[in-house]
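What follows is a single structure, written as structure tokens, with notes after it.
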Amino acid sequence: MDSARLADSSRDFKAAADELTRVQAHVQSQLTALRNANDYLSKLITDTQNGKVPPTDLDLAFTQIRHATNRMQVWVPVTSDEVDVLMPEMDYHLSRAKQEWQAGKTRSAAKDVRVAAAYLHLRQEALPANNADRLEALKLAEKNLSKVAAKVQNHESLQAHELDAALAQATTAWNGSF
């Protein structure tokens, strides 16, 4: 918005219009995400009234709403002895999943991998339709994370490089979708 204002005041009307077009695309993306969240909530309300909603569906709904209202990444505080930083929430779950897997906490590691996969799924729903390459990358990353979560949960053999590859793929797909 500031760039549009600056371009307009400099009488560079084409640049101002281009900036406004970018703002409009962002607003349209938010509207689409909000519509999807609203549709999901409508179904969730009906299912809740009928007693058919597991707690994970509520978590998914709250995550979807949070992403719909804030089209940028969600950040969480990460504290260390030396510094307090912010980390994207999906990255936080991936990082925690790796630490838990290395510590042998397979159940919580699988849960964090599934949470990260849910973020990828929600991002797919919010992505504009004309982004086929980004959508495909998100789908593939979500699929691979789901496979990793199943392996971890079932105590199947999983090599560190397999886990690292799936986590890196998810981070790359996520960052590339914005």
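Tabulated results
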read-out: The lone exception for Met72 - which of (1) modelled with pLDDT of 70 or more; (2) under 23 Å from Trp174 (Cβ atoms) it fails; value: (1)
read-out: In region 117-149, the residues that are at pLDDT 90 or above, in contact with a Leu (Cβ under 9 Å, 6 or more places away or on another chain), within 18 Å of Glu89 (Cα to Cα) and hydrophobic (A, V, I, L, M, F, W, C); value: Ala117, Leu138, Ala141, Leu145
read-out: The lone exception for Glu142 - which of (1) among the acidic types (Asp, Glu); (2) surrounded by fewer than 20 Cβ atoms within 10 Å (Cβ to Cβ); (3) assigned to a helix (DSSP H, G or I) it fails; value: (2)
read-out: Scope region 162-177; condition in contact (Cβ under 8 Å) with a residue 12 or more places away in the chain and polar (S, T, N, Q); matching residues; value: Gln169, Thr171, Thr172, Ser177
read-out: In region 94-106, the residues that are among the charged types (D, E, K, R) and either under 23 Å from Ala173 (Cβ atoms) or modelled with pLDDT under 90 (or both); value: Arg96, Lys98, Glu100
read-out: Subset of region 97-128 [within 23 Å of Phe62 (Cα to Cα) and among the hydrophobic types (A, V, I, L, M, F, W, C)]; value: Ala97, Ala109, Ala110, Val113, Val115, Ala116, Ala117, Ala118, Leu120, Leu122, Ala126, Leu127
read-out: Odd one out for Asn36, checked against (1) at pLDDT below 85; (2) more than 17 Å from Asp164 (Cα to Cα); (3) buried (at least 18 other Cβ atoms within 10 Å of the Cβ); value: (3)
read-out: Filter result for the condition that a residue is of a type in the set (Gly, Ala, Ser) and buried (at least 18 other Cβ atoms within 10 Å of the Cβ), over Ala150, Ala132, Ala170; value: Ala170
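Yes/no per residue for (1) at pLDDT 60 or above; (2) outside the structural domain of Gln124 (by TED's automatic domain parsing); (3) among the aromatic types (Phe, Trp, Tyr); (4) under 14 Å from the mean Cα position of the chain (by Cα):
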| residue | (1), (2), (3), (4) |
| --- | --- |
| Ser3 | no, yes, no, no |
| Phe13 | yes, yes, yes, no |
| Leu20 | yes, yes, no, no |
| Leu31 | yes, yes, no, no |
| Thr46 | yes, yes, no, no |
| Asp81 | no, no, no, no |
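The values are calculated or read from the model by the stated rules, or taken from the named source; none is laboratory data. On a predicted model such as this, the values are computed, not experimentally measured, just so you know. So basically every Cβ, Gly included, is an ideal-geometry build from the backbone, and we count neighbours across all protein chains shown.
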